[in-house]
Amino acid sequence: MTNASIETAQTAETVDADVVAIPVFEQDQPGDLAGADAASGGEISRAFSSREFTGKPYEIFLTKLVSGGWRARRLALVGAGARDTADLDRMRRVAAAFGIAARKRRLGRVAFVVRGAQSVASGAQAATEGLTLAEFYGGRYKTGEPDGQPAISLTIVAPGAAAAEVEQSIRRGRVLAECCNLSRALCNEPSNMLTPRVFAERAAAIGKEVGLGVEILDETRIAELGMGLLLGVARGSAEPPRLIVLRHEPKGPPASPVLGLVGKGITFDTGGISIKPADGMDRMKDDMAGGAAVICAMRAMAILNAPIRVIGIVPATENMPGGRATKPGDVLVGASGKTVEVTNTDAEGRLILGDGLWYAQQLGATHLVDVATLTGACVVALGKYASGLFGKPDAWVQHVGRIATASGDRAWPMPLHDDYAEQLKSEIADLVNSGGRPAGAITAAMFLKEFSGGLPWAHLDIAGTAWADDAKPWQAKGATGVAVRTLAELAFSTLP
């Protein structure tokens, strides 16, 4: 995935690096960093006294090391904010902010000291994830710039921790973050380069490389299965649809549970006949972010050897306004037998997920999670900093929410009261595909609930979190890789 090596060390003084980073909290004083202050010739004390450095989140103070026996050339203090609110996600972001700053300076050998975490091992994993996420380079198609990802060397300094435990945590963090970066790379691909067929080919290659079972269903097989919802969305495009199926089958797994993951794979969304405004439509190349998250989470599970069976399903198509496209007022019949009156062709993601959720059940899934850039309404409700979390029963939704929070993928629970189903009633079919503007994210989830078969089911609406419109200290502009870590970690948890 990357061309960087990663090592461990017990003390910062012994690391031979271009720069060593130390997280510093707002409450810290130079005395808390006495050895580093002496090695900097008192520059740390001066920075604290002058308020040049305060420890606020993601501040960076860089100084040379001039004495004290340290092998590194420079020291970076990285603001970690208030100590009492600094959780693992903050540590992940602090490491990412340092990593991005180091890459901008084209530093080849960097080290990061684990400090202030709940445990050194968990802190080492979070730091590794952050530093690895910082390696992502999205300029694949730029021809006038030097290589955006030069060979680098990373060292995690984990004082007082057992070497084997830290190395295991670092490996886990490395795999999870590399899979996030792979998801980001897929989401960054232009839709002329990543058609549904190419998306399926890429998914097959990713799966086969790590030993996943791979099956790609073409339009003929999709039709044989009666997936009229997926085919209805695909009708307007010259590109045929694909259904990507990945299977993780560990040795000697229990018969149950079987986790079923379904990701929306719209490789470009014009809105169809209910066409979107031109402004911002270029972003619709990332409407397959949920599918990318499923594929890359499955990769992580295979590498890390998750103990349960997992099925990943990605219905992939374009949503285009061609002469054969589904029109508002048309009725589609899903593989489950449910009929849907299409009142808005831009509410297409829930249609293809309906057939995907049905197929996951046919393959034996006992617990379901779907992930999709589904509704603008979710962005209105929650903005860009949390995904919407829906589902039934409450125990399953709460479990998914806890995993998401621990993984650094913020998710906020949303209601699914039965009253909202009134908005999906049709005069001529079982359902309409759009409940209108009021509670749009909720009614979209209510639609998906109709295809969950009564199984434990959770829906993550990542419309606001899959893409960063602006760069942050810890996050480059563009695809974020959201939900990859959540889905992967679910396979290592005890499913209720």
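The values are calculated or read from the model by the stated rules, or taken from the named source; none is laboratory data. None of the values given here were measured: they were computed from a predicted structure. FYI the Cβ positions are ideal-geometry reconstructions off the backbone, even for glycines, and counts take in every protein chain you see. Calculation scope for accessible area: heavy atoms of the full protein, side chains included, ligands and nucleic acids excluded. Shrake-Rupley method; radii C 1.70, N 1.55, O 1.52, S 1.80 Å.
Overview of results
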item	result
Residue within segment 158-173 that is in contact with a helix residue (DSSP H, G or I) (Cβ under 9 Å, 6 or more places away or on another chain) and basic (Lys, Arg) present	yes
Condition met for Arg109 (open to solvent by 20 Å² or more (accessible area, probe 1.4 Å), touching a residue at least 60 places away in the same chain (Cβ under 8 Å), in contact with a Pro (Cβ under 8 Å, 6 or more places away or on another chain) and closer than 16 Å to Ala9 by Cα)	no
Selection count where residues are in a loop (DSSP other than H, G, I, E, B) and open to solvent by less than 40 Å² (accessible area, probe 1.4 Å), scope segment 437-452	3
Residue that is surrounded by the fewest Cβ atoms within 10 Å (Cβ to Cβ) [pool: residues in segment 466-479 that are under 13 Å from the mean Cα position of the chain (by Cα) and farther than 20 Å from Val94 by Cβ]	Gly478
Filtered residues of segment 312-331 (kept if out of contact with any helix residue (DSSP H, G or I) (no Cβ under 6 Å at 6 or more places or on another chain), within 23 Å of Asp218 (Cβ to Cβ) and open to solvent by less than 40 Å² (accessible area, probe 1.4 Å))	Glu318, Gly322, Ala325
Single match in Asp409, Asp430, Asp470 (criterion: without any contact (Cβ under 8 Å) to a residue 40 or more places away in the chain and among the charged types (D, E, K, R))	Asp470
Out of Glu43, Glu59, sole residue that is at pLDDT 95 or above, open to solvent by 50 Å² or more (accessible area, probe 1.4 Å) and farther than 15 Å from Ala95 by Cα	Glu43
Single match in Gly401, Gly354 (criterion: crowded, with 18+ Cβ neighbours inside 10 Å and free of Cβ contacts under 8 Å to residues at least 60 places away in the same chain)	Gly401
Residue in segment 350-364 that is closer than 24 Å to Glu249 by Cα, part of a helix (DSSP H, G or I) and polar (S, T, N, Q) present	yes
Which numbered condition Arg485 fails, given (1) closer than 19 Å to Leu357 by Cα; (2) surrounded by 22 or more Cβ atoms within 10 Å (Cβ to Cβ)	(1)
Restricting segment 173-193 to residues that are within 10 Å of the chain's Cα centre (by Cα) and either at pLDDT below 95 or over 23 Å from Asp269 (Cβ atoms) (or both), the residue that is surrounded by the fewest Cβ atoms within 10 Å (Cβ to Cβ)	Asn181
Selection from segment 34-60 of residues that are free of Cβ contacts under 8 Å to residues at least 24 places away in the same chain and either closer than 16 Å to Ala111 by Cβ or part of a helix (DSSP H, G or I) (or both)	Ala34, Asp37, Glu43, Ser45, Arg46, Phe48, Ser49, Ser50
Residue identified as hydrophobic (A, V, I, L, M, F, W, C), touching a residue at least 24 places away in the same chain (Cβ under 8 Å) and touching a His at 6+ places or on another chain (Cβ under 7 Å) among Ala289, Ala238, Ala306	Ala306
Residue under evaluation Arg105, criteria (1) touching a helix residue (DSSP H, G or I) at 6+ places or on another chain (Cβ under 7 Å); (2) over 23 Å from Leu304 (Cα atoms), criterion not met	(1)
Any hit, segment 225-233, residues being in a loop (DSSP other than H, G, I, E, B), touching a Leu at 6+ places or on another chain (Cβ under 8 Å) and surrounded by fewer than 18 Cβ atoms within 10 Å (Cβ to Cβ)	yes
Matching residues in segment 66-92 - criterion: being in contact (Cβ under 8 Å) with a residue 40 or more places away in the chain and either open to solvent by 50 Å² or more (accessible area, probe 1.4 Å) or in a loop (DSSP other than H, G, I, E, B) (or both)	Gly68, Gly69, Trp70, Arg71, Ala72, Arg73, Arg74, Ala80, Gly81, Ala82, Arg83, Ala86
